[in-house]
Amino acid sequence: MNPIEQYVAPTSLTQALECLRLSEVTVLAGGTDVMPQSQSGRLKFKPTLMNIQRVSELKGITRDGNAIRMGALATVTEIMHDALVQEFFPVLVEAGDHFASDQIRNAATLGGNINNASPAGDMLIPLLVLDADAELAAKPNGEMLVRRMPLANFFVGPGKTQRMPSELLTGVRLPLPPANHFARFFKFGARPALDISAISIGIAGARRDGVLTQVRVAFGAVAPTPVRASRTEAALEGRPLDRATIDAAAQAAYDEVKPIDDVRASAWYRRELIRNMTRRMLDHVAQA
Ligand SMILES: Cc1cc2nc3c(=O)[nH]c(=O)nc-3n(C[C@H](O)[C@H](O)[C@H](O)COP(=O)(O)OP(=O)(O)OC[C@H]3O[C@@H](n4cnc5c(N)ncnc54)[C@H](O)[C@@H]3O)c2cc1C
């Protein structure tokens, strides 16, 4: 483990961004990725370790016009118990329910899950199908700059994102869902609980006059980043959710994913799971 020269715990966003501007920083939120990764040698600490837990601007889940803003420090437990999330985005509660254990959920933050950028990150898949935007702030020359980008564009590789070293992820914005909205999350691991996903699937959309619209599908652990599944979406968009549509979408899902073999599953097994579980999830939506 390389030595840390300075530990800081800013109490405002301005202080945190100033620290990022002036030094090379490892950001610490809940620490549930940072600590095991540093102990295993996968993460080398930068000279400054910055604990962001006291930055109040990064906390809370609030309504902002036609969107819900979730602060980067919202923990998985807070998300699961939040009234706005329960009302508008129950799929995030479903994902939280499959996330690690109570102890980890109490510490693990949304911002940490996003910035760890694992292809298997469990909150990332529902966020992608809910059209989340990532919100980033920096203070390059005294003035605070905030930029937003679709979360789908934020991930560039395993553990790699578009975040610049001077930036902090401040939160995500989720547009309120349309009428007759549905969203589901499915995770498969070797164990039913406390396991990293071998694959995960998110599906969202709306049903109008029996036809699917605004369909979003995302897959986890089948590519270097969490991914939107455009061919599967196209197989569903504008169609009734009948047997033929469900079979065509499951086959499109199978055809478009390009997973790898690793310790959790072979590529062959992952593709079979994606086809079968996409079909099963769509059956559930059709019967709901
Ligand atoms: C036993 C165990 C089980 C787990 N199970 C699961 C699981 O089922 N599903 C799952 O998805 N994950 C799981 N994880 C991984 C981990 O808990 C999550 O990824 C968690 O959300 C990370 O959040 P954190 O606050 O602990 O992040 P940290 O460890 O503090 O940080 C993670 C990364 O994000 C960066 N970072 C954090 N916040 C910000 C910010 N606001 N701006 C910029 N960079 C930031 C850090 O620098 C670091 O690179 C598990 C971990 C453990 C130890």
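Quick one: which residue in Leu58, Leu28, Leu43 is near the ligand (Cβ under 8 Å from one of its atoms) and under 28 Å from Pro178 (Cα atoms)?
The match here is Leu58.
Being within 16 Å of the ligand (Cβ to nearest atom) and part of a strand (DSSP E or B) is the filter here, so list the residues in the range 61-76 that pass it. Residues satisfying the conditions are Ile61, Arg69, Met70, Gly71, Thr75. Across the range 120-145, the qualifying residues are those that are more than 13 Å from the ligand (Cβ to nearest atom) and in a strand (DSSP E or B), and the one among them that is surrounded by the most Cβ atoms within 10 Å (Cβ to Cβ) is Asp133. For the range 96-119, filtering for residues that are part of a helix (DSSP H, G or I) and closer than 15 Å to Gly171 by Cα leaves 7. Could you check, for the range 231-243, whether at least one of its residues is more than 12 Å from the ligand (Cβ to nearest atom), closer than 28 Å to Asp261 by Cβ and assigned to a strand (DSSP E or B)? So far as the range 231-243 goes, no, none of its residues is more than 12 Å from the ligand (Cβ to nearest atom), closer than 28 Å to Asp261 by Cβ and assigned to a strand (DSSP E or B).
Look at (1) in a loop (DSSP other than H, G, I, E, B); (2) outside the structural domain of Arg69 (by TED's automatic domain parsing); (3) more than 18 Å from the chain's Cα centre (by Cα) and you find that Ala206 fails only one, number (1). Any residue in the range 92-115 that is away from the ligand (no atom under 15 Å from the Cβ), touching a residue at least 24 places away in the same chain (Cβ under 8 Å) and of a type in the set (A, V, I, L, M)? No; the residues of the range 92-115 include none that is away from the ligand (no atom under 15 Å from the Cβ), touching a residue at least 24 places away in the same chain (Cβ under 8 Å) and of a type in the set (A, V, I, L, M). Reported count of residues in the range 40-59, each being touching a residue at least 12 places away in the same chain (Cβ under 8 Å) and farther than 27 Å from Leu22 by Cβ, is 1. Residues that are at pLDDT 95 or above, of a type in the set (S, T, N, Q) and not assigned by TED's automatic domain parsing to the domain that holds Leu20 are absent from the range 140-151 altogether. Number of residues in the range 248-283 that are surrounded by fewer than 21 Cβ atoms within 10 Å (Cβ to Cβ), of a type in the set (Lys, Arg) and not in a loop (DSSP other than H, G, I, E, B) equals 4. Do you know which residues across the range 146-163 are in contact with a helix residue (DSSP H, G or I) (Cβ under 9 Å, 6 or more places away or on another chain), hydrophobic (A, V, I, L, M, F, W, C) and assigned to a strand (DSSP E or B)? If the condition is that a residue be in contact with a helix residue (DSSP H, G or I) (Cβ under 9 Å, 6 or more places away or on another chain), hydrophobic (A, V, I, L, M, F, W, C) and assigned to a strand (DSSP E or B), then Phe155 is the only one that fits. Of all residues in the range 146-179, those that are surrounded by fewer than 14 Cβ atoms within 10 Å (Cβ to Cβ) and either of a type in the set (Gly, Ala, Ser) or under 23 Å from Leu236 (Cβ atoms) (or both) total 5.
The values are calculated or read from the model by the stated rules, or taken from the named source; none is laboratory data. Small disclaimer: the values here were computed from a predicted structure and weren't measured. Counting neighbours? That spans all protein chains shown, and the Cβs are built from the backbone with ideal geometry, glycine included.
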